[in-house]
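The values are calculated or read from the model by the stated rules, or taken from the named source; none is laboratory data. For clarity, every value in this text was computed on a predicted model and none was experimentally measured. Every residue, glycine among them, receives a Cβ derived from its backbone with ideal geometry; neighbour counts consider all protein chains shown. Just so you know, the surface numbers come from the protein's heavy atoms only, side chains and all, with ligands and any DNA or RNA stripped out. Shrake-Rupley method; radii C 1.70, N 1.55, O 1.52, S 1.80 Å.
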Amino acid sequence: MNSKIIPVIMAGGKGTRLWPLSRASAPKQFIQFIGDKTLFQATLSRVSDQKLYEAPVVITNEDFRFLVAEQARELGIKLSGILLEPVARNTAPAVAAAAAFVESRFGEDAVLQVLASDHEITADAGYFDAIRIAKETALSGRLVTFGIAPTEPATGYGYIEIGEALPTGACKVKRFVEKPVLAEAEKMLSAGGFAWNSGIFMFKAGQVLSELSSFAPEVEAAARAALAKASSDLDFTRLDAQEFAASPDISVDYALMEKTSNAAVVPSSFTWSDLGSWDAVWKLGARDEAGNVASGNATLINTRNSLVMSRTSHLAVQGLDGVAVIASEDAVYIGRLEDSQNVGKIVKQLAATKATAALTETHPTSYRPWGGYTSVLNGDRFQVKRLFVTPGKKLSLQKHHHRSEHWICVKGTAEVTIGEETRTVRENESVYIPQGEVHRLANPGKIMLEMIEVQTGSYLGEDDIIRIVDEFGRG
(Lines give C-alpha, C1' and ligand atoms only; values in the text may rest on other atoms or scores of the structure.)
Protein backbone atom coordinates (compact mmCIF):
# COMPACT_ATOMS: atom_id res chain seq x y z
CA MET A 1 0.00 0.00 0.00
CA ASN A 2 1.17 3.50 -0.80
CA SER A 3 2.04 5.25 2.48
CA LYS A 4 1.75 8.75 0.99
CA ILE A 5 -1.40 10.79 0.54
CA ILE A 6 -2.51 11.45 -3.03
CA PRO A 7 -3.87 15.03 -3.26
CA VAL A 8 -6.85 15.48 -5.59
CA ILE A 9 -7.34 19.16 -6.43
CA MET A 10 -10.72 20.23 -7.78
CA ALA A 11 -10.05 23.10 -10.19
CA GLY A 12 -12.99 23.09 -12.59
CA GLY A 13 -15.31 25.67 -11.05
CA LYS A 14 -16.47 28.72 -13.00
CA GLY A 15 -17.67 30.79 -10.04
CA THR A 16 -18.32 34.51 -10.38
CA ARG A 17 -18.76 35.47 -6.70
CA LEU A 18 -15.59 37.57 -6.95
CA TRP A 19 -16.74 39.42 -10.07
CA PRO A 20 -15.44 41.45 -11.88
CA LEU A 21 -11.98 39.88 -11.43
CA SER A 22 -13.33 36.33 -11.54
CA ARG A 23 -15.18 35.36 -14.73
CA ALA A 24 -16.42 32.08 -16.16
CA SER A 25 -13.43 32.02 -18.55
CA ALA A 26 -10.89 33.02 -15.86
CA PRO A 27 -12.25 31.96 -12.45
CA LYS A 28 -10.89 32.87 -9.04
CA GLN A 29 -8.69 29.79 -8.51
CA PHE A 30 -6.33 31.03 -11.23
CA ILE A 31 -6.21 34.64 -10.00
CA GLN A 32 -3.78 36.17 -7.52
CA PHE A 33 -5.68 37.83 -4.67
CA ILE A 34 -3.47 37.42 -1.59
CA GLY A 35 0.29 36.90 -1.62
CA ASP A 36 2.46 36.11 -4.62
CA LYS A 37 0.62 33.00 -5.88
CA THR A 38 -2.77 32.30 -7.38
CA LEU A 39 -5.16 30.33 -5.16
CA PHE A 40 -4.51 27.21 -7.26
CA GLN A 41 -0.75 27.64 -6.90
CA ALA A 42 -1.11 28.14 -3.14
CA THR A 43 -3.06 24.85 -3.03
CA LEU A 44 -0.29 23.10 -4.98
CA SER A 45 2.29 24.48 -2.55
CA ARG A 46 0.41 23.06 0.46
CA VAL A 47 0.74 19.54 -0.95
CA SER A 48 4.34 19.83 -2.14
CA ASP A 49 5.96 17.97 0.80
CA GLN A 50 7.21 14.84 -0.97
CA LYS A 51 7.57 12.95 2.33
CA LEU A 52 3.86 13.33 2.98
CA TYR A 53 2.35 13.56 -0.49
CA GLU A 54 2.53 11.98 -3.91
CA ALA A 55 2.37 14.32 -6.90
CA PRO A 56 -1.14 15.80 -7.10
CA VAL A 57 -3.98 14.80 -9.40
CA VAL A 58 -5.93 17.77 -10.76
CA ILE A 59 -9.44 17.50 -12.16
CA THR A 60 -10.55 20.53 -14.13
CA ASN A 61 -12.64 21.88 -16.96
CA GLU A 62 -11.22 21.33 -20.43
CA ASP A 63 -11.09 25.11 -20.95
CA PHE A 64 -8.62 25.49 -18.07
CA ARG A 65 -6.24 22.68 -18.97
CA PHE A 66 -3.37 24.90 -20.08
CA LEU A 67 -3.80 27.25 -17.11
CA VAL A 68 -3.43 24.25 -14.79
CA ALA A 69 -0.36 22.94 -16.59
CA GLU A 70 1.33 26.35 -16.83
CA GLN A 71 0.70 27.41 -13.23
CA ALA A 72 2.06 24.08 -11.98
CA ARG A 73 5.08 24.46 -14.27
CA GLU A 74 5.77 27.95 -12.87
CA LEU A 75 6.17 26.41 -9.41
CA GLY A 76 8.18 23.44 -10.68
CA ILE A 77 5.55 21.03 -9.31
CA LYS A 78 4.99 17.77 -11.17
CA LEU A 79 1.47 16.35 -11.41
CA SER A 80 0.37 12.71 -11.34
CA GLY A 81 -2.34 13.54 -13.82
CA ILE A 82 -4.74 16.17 -15.14
CA LEU A 83 -8.27 14.84 -15.64
CA LEU A 84 -10.50 16.86 -17.96
CA GLU A 85 -14.24 17.03 -17.27
CA PRO A 86 -16.12 17.26 -20.59
CA VAL A 87 -19.20 18.74 -18.85
CA ALA A 88 -19.84 20.16 -15.38
CA ARG A 89 -21.43 17.59 -13.06
CA ASN A 90 -20.74 18.93 -9.54
CA THR A 91 -18.34 17.44 -6.99
CA ALA A 92 -19.57 13.84 -6.59
CA PRO A 93 -18.81 12.77 -10.21
CA ALA A 94 -15.49 14.63 -10.09
CA VAL A 95 -14.47 12.90 -6.84
CA ALA A 96 -15.57 9.53 -8.23
CA ALA A 97 -13.57 9.96 -11.44
CA ALA A 98 -10.50 11.07 -9.51
CA ALA A 99 -10.86 8.14 -7.07
CA ALA A 100 -11.11 5.70 -9.98
CA PHE A 101 -8.01 7.24 -11.55
CA VAL A 102 -6.06 7.03 -8.25
CA GLU A 103 -7.23 3.45 -7.68
CA SER A 104 -5.95 2.47 -11.13
CA ARG A 105 -2.55 4.09 -10.45
CA PHE A 106 -1.96 3.50 -6.74
CA GLY A 107 -4.40 0.78 -5.65
CA GLU A 108 -7.70 0.69 -3.78
CA ASP A 109 -6.12 1.40 -0.36
CA ALA A 110 -4.49 4.64 -1.53
CA VAL A 111 -5.59 7.59 0.61
CA LEU A 112 -6.96 10.63 -1.24
CA GLN A 113 -7.11 14.14 0.12
CA VAL A 114 -9.71 16.07 -1.87
CA LEU A 115 -9.10 19.83 -1.87
CA ALA A 116 -10.77 22.78 -3.50
CA SER A 117 -8.36 24.88 -5.55
CA ASP A 118 -9.84 28.22 -4.49
CA HIS A 119 -9.64 28.16 -0.67
CA GLU A 120 -7.27 30.25 1.42
CA ILE A 121 -5.65 28.16 4.19
CA THR A 122 -2.87 28.81 6.68
CA ALA A 123 -0.85 25.59 6.58
CA ASP A 124 0.57 25.81 10.11
CA ALA A 125 1.38 23.05 12.63
CA GLY A 126 -2.31 22.74 13.51
CA TYR A 127 -3.16 22.16 9.87
CA PHE A 128 -0.69 19.30 9.50
CA ASP A 129 -1.83 17.80 12.81
CA ALA A 130 -5.32 17.69 11.31
CA ILE A 131 -3.93 16.02 8.15
CA ARG A 132 -2.21 13.34 10.28
CA ILE A 133 -5.41 12.62 12.24
CA ALA A 134 -7.47 12.53 9.04
CA LYS A 135 -5.11 10.05 7.39
CA GLU A 136 -5.17 7.71 10.36
CA THR A 137 -8.97 7.96 10.49
CA ALA A 138 -9.30 7.30 6.75
CA LEU A 139 -7.07 4.23 7.05
CA SER A 140 -9.39 2.94 9.78
CA GLY A 141 -12.26 2.88 7.28
CA ARG A 142 -13.88 6.28 7.72
CA LEU A 143 -14.83 8.91 5.16
CA VAL A 144 -13.30 12.03 6.69
CA THR A 145 -14.16 15.69 6.36
CA PHE A 146 -12.51 18.67 8.05
CA GLY A 147 -14.62 20.86 10.34
CA ILE A 148 -13.34 24.38 10.93
CA ALA A 149 -13.87 25.99 14.34
CA PRO A 150 -16.32 28.85 13.61
CA THR A 151 -15.22 32.38 14.48
CA GLU A 152 -18.54 34.08 13.65
CA PRO A 153 -22.15 33.10 12.86
CA ALA A 154 -21.44 32.89 9.13
CA THR A 155 -24.44 32.19 6.90
CA GLY A 156 -22.42 31.41 3.79
CA TYR A 157 -21.11 28.06 5.05
CA GLY A 158 -22.68 24.70 5.81
CA TYR A 159 -22.15 23.33 9.32
CA ILE A 160 -21.34 19.94 10.86
CA GLU A 161 -22.61 18.86 14.26
CA ILE A 162 -19.77 16.98 15.96
CA GLY A 163 -20.56 13.60 17.47
CA GLU A 164 -18.71 11.22 19.78
CA ALA A 165 -14.92 10.99 19.75
CA LEU A 166 -13.05 8.27 17.84
CA PRO A 167 -9.75 6.67 18.94
CA THR A 168 -7.81 8.53 16.22
CA GLY A 169 -8.68 12.00 17.51
CA ALA A 170 -11.44 12.55 14.95
CA CYS A 171 -15.15 12.43 15.80
CA LYS A 172 -18.23 10.88 14.31
CA VAL A 173 -20.47 13.20 12.29
CA LYS A 174 -23.78 13.66 14.09
CA ARG A 175 -25.39 15.56 11.21
CA PHE A 176 -24.77 18.03 8.40
CA VAL A 177 -26.57 21.39 8.49
CA GLU A 178 -27.41 23.42 5.38
CA LYS A 179 -26.31 27.06 5.15
CA PRO A 180 -28.33 28.58 7.99
CA VAL A 181 -30.15 31.87 8.48
CA LEU A 182 -28.40 34.23 10.88
CA ALA A 183 -30.52 33.35 13.93
CA GLU A 184 -29.81 29.64 13.49
CA ALA A 185 -26.08 30.28 12.96
CA GLU A 186 -25.97 32.35 16.16
CA LYS A 187 -27.77 29.56 18.03
CA MET A 188 -25.26 26.92 16.83
CA LEU A 189 -22.31 29.13 17.71
CA SER A 190 -23.73 29.73 21.19
CA ALA A 191 -24.48 26.03 21.78
CA GLY A 192 -21.04 24.84 20.67
CA GLY A 193 -20.29 21.46 19.12
CA PHE A 194 -20.66 22.73 15.56
CA ALA A 195 -18.01 23.35 12.88
CA TRP A 196 -17.98 24.91 9.44
CA ASN A 197 -18.02 22.35 6.65
CA SER A 198 -14.74 23.01 4.82
CA GLY A 199 -15.31 20.83 1.77
CA ILE A 200 -11.96 19.10 2.35
CA PHE A 201 -12.11 15.30 2.46
CA MET A 202 -9.89 12.29 3.02
CA PHE A 203 -10.69 8.64 2.31
CA LYS A 204 -9.37 5.50 0.64
CA ALA A 205 -9.97 5.33 -3.10
CA GLY A 206 -11.58 1.91 -3.08
CA GLN A 207 -13.82 2.69 -0.12
CA VAL A 208 -15.26 5.93 -1.46
CA LEU A 209 -16.03 4.17 -4.76
CA SER A 210 -17.62 1.25 -2.92
CA GLU A 211 -19.82 3.52 -0.84
CA LEU A 212 -20.77 5.58 -3.87
CA SER A 213 -21.85 2.36 -5.57
CA SER A 214 -24.25 1.82 -2.65
CA PHE A 215 -25.60 5.35 -2.19
CA ALA A 216 -25.13 6.89 -5.66
CA PRO A 217 -24.62 3.98 -8.09
CA GLU A 218 -25.20 6.10 -11.20
CA VAL A 219 -22.38 8.44 -10.16
CA GLU A 220 -19.92 5.61 -9.54
CA ALA A 221 -20.83 3.76 -12.74
CA ALA A 222 -20.56 6.88 -14.91
CA ALA A 223 -17.17 7.81 -13.44
CA ARG A 224 -15.70 4.33 -13.99
CA ALA A 225 -17.05 4.17 -17.55
CA ALA A 226 -15.80 7.69 -18.35
CA LEU A 227 -12.31 6.75 -17.14
CA ALA A 228 -12.35 3.37 -18.95
CA LYS A 229 -13.13 5.14 -22.25
CA ALA A 230 -10.88 8.13 -21.57
CA SER A 231 -8.33 9.27 -24.14
CA SER A 232 -4.85 10.69 -23.62
CA ASP A 233 -4.02 14.13 -25.02
CA LEU A 234 -0.50 15.40 -24.28
CA ASP A 235 -0.34 15.44 -20.45
CA PHE A 236 -4.12 15.32 -20.08
CA THR A 237 -6.63 12.51 -19.58
CA ARG A 238 -9.91 13.33 -21.31
CA LEU A 239 -12.83 11.61 -19.61
CA ASP A 240 -15.33 10.22 -22.10
CA ALA A 241 -17.99 12.88 -22.68
CA GLN A 242 -21.00 10.61 -23.20
CA GLU A 243 -20.29 8.42 -20.18
CA PHE A 244 -19.44 11.29 -17.84
CA ALA A 245 -22.55 13.26 -18.89
CA ALA A 246 -24.69 10.28 -17.82
CA SER A 247 -23.86 11.01 -14.18
CA PRO A 248 -26.34 12.92 -12.01
CA ASP A 249 -25.36 16.52 -11.22
CA ILE A 250 -24.88 16.19 -7.46
CA SER A 251 -22.45 17.20 -4.72
CA VAL A 252 -20.41 14.66 -2.78
CA ASP A 253 -22.11 15.88 0.42
CA TYR A 254 -25.60 15.05 -0.88
CA ALA A 255 -24.58 11.92 -2.77
CA LEU A 256 -22.53 10.32 -0.01
CA MET A 257 -21.42 12.17 3.12
CA GLU A 258 -24.94 12.83 4.42
CA LYS A 259 -25.97 9.20 3.85
CA THR A 260 -23.01 7.10 4.98
CA SER A 261 -22.71 5.79 8.54
CA ASN A 262 -18.92 6.03 8.22
CA ALA A 263 -18.61 9.84 8.11
CA ALA A 264 -16.04 11.34 10.46
CA VAL A 265 -14.95 14.91 11.11
CA VAL A 266 -11.60 16.28 12.24
CA PRO A 267 -12.30 19.40 14.33
CA SER A 268 -9.73 21.93 13.15
CA SER A 269 -8.70 25.42 14.20
CA PHE A 270 -6.43 26.43 11.32
CA THR A 271 -7.31 29.60 9.40
CA TRP A 272 -9.58 28.74 6.48
CA SER A 273 -11.80 30.64 4.05
CA ASP A 274 -13.50 29.62 0.83
CA LEU A 275 -13.03 33.24 -0.35
CA GLY A 276 -16.64 33.25 -1.41
CA SER A 277 -17.07 37.03 -1.20
CA TRP A 278 -15.12 40.28 -1.27
CA ASP A 279 -15.77 40.54 2.46
CA ALA A 280 -13.79 37.30 2.92
CA VAL A 281 -10.90 38.70 0.86
CA TRP A 282 -10.87 41.83 3.04
CA LYS A 283 -10.83 39.77 6.25
CA LEU A 284 -7.77 37.80 5.12
CA GLY A 285 -5.87 40.74 3.62
CA ALA A 286 -3.15 42.83 5.28
CA ARG A 287 -5.10 45.79 6.70
CA ASP A 288 -3.54 49.20 7.37
CA GLU A 289 -4.16 51.32 10.48
CA ALA A 290 -7.53 52.42 9.12
CA GLY A 291 -8.58 48.85 8.45
CA ASN A 292 -8.19 49.11 4.67
CA VAL A 293 -6.85 46.50 2.28
CA ALA A 294 -5.56 48.07 -0.95
CA SER A 295 -4.08 46.36 -3.99
CA GLY A 296 -2.87 47.71 -7.31
CA ASN A 297 -3.32 51.33 -8.37
CA ALA A 298 -5.21 52.89 -5.46
CA THR A 299 -5.19 56.02 -3.30
CA LEU A 300 -7.40 56.12 -0.20
CA ILE A 301 -8.30 59.30 1.72
CA ASN A 302 -10.46 59.39 4.86
CA THR A 303 -11.59 55.85 4.09
CA ARG A 304 -11.90 53.02 6.62
CA ASN A 305 -12.47 49.26 6.76
CA SER A 306 -12.60 48.96 2.97
CA LEU A 307 -11.22 46.78 0.19
CA VAL A 308 -9.90 48.61 -2.87
CA MET A 309 -8.36 46.63 -5.75
CA SER A 310 -7.49 47.77 -9.25
CA ARG A 311 -5.94 45.84 -12.10
CA THR A 312 -5.78 48.86 -14.43
CA SER A 313 -6.98 52.44 -13.82
CA HIS A 314 -5.98 54.35 -10.71
CA LEU A 315 -8.74 54.30 -8.11
CA ALA A 316 -9.10 57.29 -5.76
CA VAL A 317 -11.51 56.54 -2.91
CA GLN A 318 -12.51 59.25 -0.45
CA GLY A 319 -14.73 59.41 2.63
CA LEU A 320 -16.13 55.86 2.56
CA ASP A 321 -16.44 53.16 5.22
CA GLY A 322 -16.91 49.41 4.81
CA VAL A 323 -17.01 49.25 1.02
CA ALA A 324 -15.50 47.13 -1.73
CA VAL A 325 -14.26 48.93 -4.85
CA ILE A 326 -12.94 46.44 -7.41
CA ALA A 327 -11.77 47.43 -10.91
CA SER A 328 -10.89 45.01 -13.70
CA GLU A 329 -9.88 46.04 -17.21
CA ASP A 330 -13.48 46.51 -18.33
CA ALA A 331 -15.75 46.76 -15.27
CA VAL A 332 -15.94 48.25 -11.77
CA TYR A 333 -17.88 46.85 -8.79
CA ILE A 334 -18.77 49.13 -5.85
CA GLY A 335 -20.77 47.89 -2.90
CA ARG A 336 -20.83 47.52 0.86
CA LEU A 337 -18.63 44.72 2.16
CA GLU A 338 -21.50 43.37 4.24
CA ASP A 339 -23.54 42.91 1.04
CA SER A 340 -20.78 41.25 -0.99
CA GLN A 341 -22.34 37.78 -0.62
CA ASN A 342 -24.92 39.09 -3.12
CA VAL A 343 -22.56 39.83 -6.02
CA GLY A 344 -24.04 36.79 -7.73
CA LYS A 345 -27.33 38.66 -8.12
CA ILE A 346 -25.58 41.41 -10.05
CA VAL A 347 -23.86 38.84 -12.24
CA LYS A 348 -27.21 37.18 -13.04
CA GLN A 349 -28.71 40.55 -13.97
CA LEU A 350 -25.74 41.35 -16.23
CA ALA A 351 -25.94 37.90 -17.84
CA ALA A 352 -29.63 38.40 -18.63
CA THR A 353 -28.93 41.47 -20.79
CA LYS A 354 -27.33 41.02 -24.19
CA ALA A 355 -25.29 44.22 -23.94
CA THR A 356 -23.63 43.16 -20.67
CA ALA A 357 -23.65 39.33 -20.83
CA ALA A 358 -20.05 39.16 -22.05
CA LEU A 359 -18.89 40.89 -18.84
CA THR A 360 -19.85 37.78 -16.85
CA GLU A 361 -18.25 35.25 -19.18
CA THR A 362 -15.12 36.57 -20.82
CA HIS A 363 -12.24 38.57 -19.50
CA PRO A 364 -10.22 41.09 -21.54
CA THR A 365 -7.18 38.93 -20.77
CA SER A 366 -7.30 35.41 -22.20
CA TYR A 367 -4.70 32.77 -21.35
CA ARG A 368 -3.25 30.30 -23.81
CA PRO A 369 -0.66 27.52 -23.43
CA TRP A 370 1.99 29.88 -24.85
CA GLY A 371 1.04 32.92 -22.73
CA GLY A 372 -2.01 34.96 -23.66
CA TYR A 373 -3.38 38.27 -24.86
CA THR A 374 -5.29 41.29 -23.60
CA SER A 375 -7.82 43.09 -25.75
CA VAL A 376 -6.90 46.79 -25.77
CA LEU A 377 -9.18 48.41 -28.37
CA ASN A 378 -11.91 47.22 -30.74
CA GLY A 379 -13.27 49.15 -33.70
CA ASP A 380 -14.89 48.74 -37.09
CA ARG A 381 -12.56 46.47 -39.13
CA PHE A 382 -9.68 46.72 -36.62
CA GLN A 383 -8.66 45.66 -33.14
CA VAL A 384 -5.57 46.06 -30.96
CA LYS A 385 -4.20 43.40 -28.61
CA ARG A 386 -1.26 43.03 -26.26
CA LEU A 387 0.32 39.60 -26.74
CA PHE A 388 2.55 38.07 -24.04
CA VAL A 389 4.58 34.95 -24.83
CA THR A 390 6.32 32.87 -22.16
CA PRO A 391 10.07 32.23 -22.66
CA GLY A 392 10.63 29.19 -24.85
CA LYS A 393 7.03 29.06 -26.10
CA LYS A 394 5.64 29.56 -29.59
CA LEU A 395 2.24 30.11 -31.15
CA SER A 396 0.92 27.69 -33.75
CA LEU A 397 2.02 27.98 -37.37
CA GLN A 398 -1.16 29.53 -38.77
CA LYS A 399 -2.88 31.76 -41.27
CA HIS A 400 -6.02 33.91 -41.49
CA HIS A 401 -8.50 34.20 -44.34
CA HIS A 402 -9.95 37.59 -43.40
CA ARG A 403 -7.31 39.72 -41.70
CA SER A 404 -3.78 41.01 -41.85
CA GLU A 405 -1.68 41.77 -38.77
CA HIS A 406 0.98 44.26 -37.68
CA TRP A 407 3.23 43.24 -34.77
CA ILE A 408 5.32 45.75 -32.78
CA CYS A 409 7.79 44.35 -30.24
CA VAL A 410 7.69 46.34 -26.98
CA LYS A 411 9.57 43.95 -24.67
CA GLY A 412 11.94 41.03 -25.25
CA THR A 413 12.98 39.46 -28.53
CA ALA A 414 10.65 37.77 -31.02
CA GLU A 415 11.32 35.09 -33.59
CA VAL A 416 8.85 35.66 -36.43
CA THR A 417 8.19 33.24 -39.29
CA ILE A 418 6.43 34.62 -42.39
CA GLY A 419 6.11 32.18 -45.26
CA GLU A 420 9.54 30.60 -45.81
CA GLU A 421 11.45 33.32 -43.96
CA THR A 422 12.26 33.49 -40.22
CA ARG A 423 13.57 36.73 -38.75
CA THR A 424 14.40 38.26 -35.36
CA VAL A 425 12.32 41.24 -34.25
CA ARG A 426 13.69 43.27 -31.34
CA GLU A 427 12.23 45.99 -29.13
CA ASN A 428 10.89 49.00 -31.11
CA GLU A 429 10.90 46.99 -34.35
CA SER A 430 7.79 45.88 -36.24
CA VAL A 431 6.68 43.38 -38.86
CA TYR A 432 3.68 43.01 -41.20
CA ILE A 433 1.83 39.75 -41.93
CA PRO A 434 -0.33 39.93 -45.08
CA GLN A 435 -3.79 38.36 -45.15
CA GLY A 436 -3.59 34.63 -45.95
CA GLU A 437 0.17 34.36 -45.28
CA VAL A 438 1.43 31.47 -43.13
CA HIS A 439 3.13 32.84 -40.02
CA ARG A 440 4.31 32.07 -36.48
CA LEU A 441 5.47 33.97 -33.39
CA ALA A 442 7.96 32.52 -30.88
CA ASN A 443 9.87 33.70 -27.83
CA PRO A 444 13.46 32.36 -27.96
CA GLY A 445 14.57 34.60 -25.06
CA LYS A 446 14.75 34.37 -21.27
CA ILE A 447 12.17 37.07 -20.43
CA MET A 448 8.49 37.49 -21.27
CA LEU A 449 7.93 38.67 -24.84
CA GLU A 450 5.35 41.44 -25.27
CA MET A 451 3.99 42.46 -28.65
CA ILE A 452 1.32 44.95 -29.70
CA GLU A 453 -0.81 43.37 -32.41
CA VAL A 454 -2.96 45.49 -34.72
CA GLN A 455 -5.46 43.43 -36.73
CA THR A 456 -7.25 44.85 -39.77
CA GLY A 457 -9.77 43.10 -41.98
CA SER A 458 -13.40 42.23 -42.70
CA TYR A 459 -13.66 39.58 -39.92
CA LEU A 460 -11.58 39.50 -36.71
CA GLY A 461 -13.03 36.55 -34.77
CA GLU A 462 -10.80 34.04 -32.97
CA ASP A 463 -12.24 31.26 -35.14
CA ASP A 464 -10.45 32.69 -38.20
CA ILE A 465 -7.30 30.75 -37.27
CA ILE A 466 -6.20 27.90 -39.52
CA ARG A 467 -3.57 26.00 -37.53
CA ILE A 468 -1.04 24.18 -39.68
CA VAL A 469 1.36 23.03 -36.95
CA ASP A 470 0.59 23.25 -33.22
CA GLU A 471 2.67 21.74 -30.43
CA PHE A 472 -0.31 21.85 -28.04
CA GLY A 473 -2.47 19.51 -30.07
CA ARG A 474 -5.13 22.06 -31.07
CA GLY A 475 -6.86 21.66 -34.40
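Of note:
- Only residues that are among the β-branched types (Val, Ile, Thr), more than 29 Å from the chain's Cα centre (by Cα) and assigned to a loop (DSSP other than H, G, I, E, B) were counted across segment 418-475, and they come to 1.
- The residue that is modelled with the highest pLDDT, among those in segment 135-172 that are of a type in the set (Val, Ile, Thr) and open to solvent by 30 Å² or more (accessible area, probe 1.4 Å), is 162.
- Checked against the criterion of being surrounded by fewer than 19 Cβ atoms within 10 Å (Cβ to Cβ), at pLDDT 90 or above, out of contact with any strand residue (DSSP E or B) (no Cβ under 6 Å at 6 or more places or on another chain) and under 26 Å from residue 430 (Cα atoms), segment 383-391 has at least one qualifying residue.
- Residues of segment 189-212 satisfying the condition of being of a type in the set (Gly, Ala, Ser), outside any loop (DSSP other than H, G, I, E, B) and open to solvent by less than 50 Å² (accessible area, probe 1.4 Å): 195, 198, 199, 205, 206
- Residue count for segment 231-247, restricted to those that are touching a residue at least 24 places away in the same chain (Cβ under 8 Å) and more than 16 Å from residue 98 (Cα to Cα): 3
One line per residue, one yes/no per condition, for (1) over 30 Å from residue 61 (Cβ atoms); (2) surrounded by fewer than 14 Cβ atoms within 10 Å (Cβ to Cβ); (3) β-branched (Val, Ile, Thr):
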position	(1), (2), (3)
223	no, no, no
256	no, no, no
272	no, no, no
282	no, no, no
295	no, no, no
314	yes, yes, no
322	yes, no, no
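- Members of segment 278-294 that are at pLDDT 90 or above, not basic (Lys, Arg) and not in a helix (DSSP H, G or I): 288, 289, 290, 291, 292, 293, 294
- Top-ranked residue in segment 225-251 [being aliphatic (A, V, I, L, M) and over 18 Å from residue 104 (Cβ atoms); ranked as surrounded by the fewest Cβ atoms within 10 Å (Cβ to Cβ)]: 234
- Residue check, residue 223 touching a residue at least 60 places away in the same chain (Cβ under 8 Å) and part of a helix (DSSP H, G or I): yes
- The residue list 420, 453, 427, 437 contains one member that is of a type outside the set (Gly, Ala, Ser) and open to solvent by less than 40 Å² (accessible area, probe 1.4 Å), which is 453.
- Some residue of segment 108-131 being out of contact with any Lys or Arg (no Cβ under 6 Å at 6 or more places or on another chain), farther than 27 Å from residue 148 by Cβ and touching a residue at least 60 places away in the same chain (Cβ under 8 Å): yes
- Per-region count, segment 315-362, residues free of Cβ contacts under 8 Å to residues at least 40 places away in the same chain, farther than 21 Å from residue 305 by Cα, charged (D, E, K, R) and in a helix (DSSP H, G or I): 2
- When residues of segment 321-372 are limited to those that are out of contact with any Lys or Arg (no Cβ under 8 Å at 6 or more places or on another chain) and among the acidic types (Asp, Glu), the one nearest to residue 233 (Cα to Cα): 330
- Residue in segment 263-276 that is assigned to a helix (DSSP H, G or I) and within 24 Å of the chain's Cα centre (by Cα) present: no
- Taken together, 415, 429, 437 contain a single residue that is touching a Pro at 6+ places or on another chain (Cβ under 7 Å) and without any contact (Cβ under 8 Å) to a residue 40 or more places away in the chain, which is 415.
- Test result for residue 55, open to solvent by 10 Å² or more (accessible area, probe 1.4 Å), at pLDDT 90 or above and within 13 Å of the chain's Cα centre (by Cα): no
- Among the residues here, residue 71 qualifies as within 25 Å of residue 393 (Cβ to Cβ) and either open to solvent by less than 40 Å² (accessible area, probe 1.4 Å) or at pLDDT 90 or above (or both).
- Filter result (within 13 Å of residue 326 (Cβ to Cβ), touching a residue at least 24 places away in the same chain (Cβ under 8 Å) and β-branched (Val, Ile, Thr)) within segment 16-50: 16
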